[in-house]
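Nothing in this text is a laboratory measurement; each read-out follows from the coordinates by a stated rule. All values reported here derive from a predicted model rather than from experimental measurement. Every residue, glycine as well, gets a Cβ built from its backbone with ideal geometry; the counts of neighbours run over all protein chains shown.
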């Protein structure tokens, strides 16, 4: 099977479950932003120290594949066929919240705004956080015209919080203090 199909050369793409839309459709934008977020998290994982939070972030990457597939399949029946029952819901959101709570215990309380950056790992996590916020905005835009499972927005909102806390924890792990605004 070739990687190129030529079916998208005219500016359209296929959705899971059938149907075609323009590549600038809000649905495609939303799952494209989730894909970009997943790649940014992959970059953060790849930076040293590689074992820092990889046990948290690799499952998040799998969740983001599921979330993207949910967005790419507009019809509930198509979602069910494509995902085989996998969805983003309360268990995944609660897992993010547990990690936020645990990691917040490892950094000083935040009393001021901080600048994104610090160690390369923290900078990559801050970048992923901002991409997460953009993906969240893209899903909000999509939700104005199409049904979107509410858990998707909650998941992205919690994930951006987790990425923020992990960035702070990465700096602490590297012995770098947060840079106050």
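Side notes on the structure shown:
- Packing-based exposure ordering (other Cβ within 10 Å, fewest first) of 6, 180, 121, 23: 6, 180, 23, 121
- Whole-number D in µm²/s for the stretch 62-181 (Stokes-Einstein; Kirkwood sum over Cα pairs; 10 °C, 1.306 mPa s): 102
- Between 0 and 90°, nearest 10: helix 54-72 axis offset from the chain longest Cα axis: 30
- Pairwise inverse Cα distances across the stretch 13-120, averaged and inverted, put the Kirkwood hydrodynamic radius at 16.1 Å.
- Near-label residues of the stretch 108-149 by backbone N, under 12 Å of a point 7 Å along Cα→Cβ of residue 181: 111-116
- The stretch 124-162 versus the stretch 1-26: alpha-carbon centroid distance in Å: 23
- Extension gain for the segment residue 81 to residue 145, taken as residue separation times 0.36 nm less the Cα-Cα distance, is 20.7 nm to one decimal.
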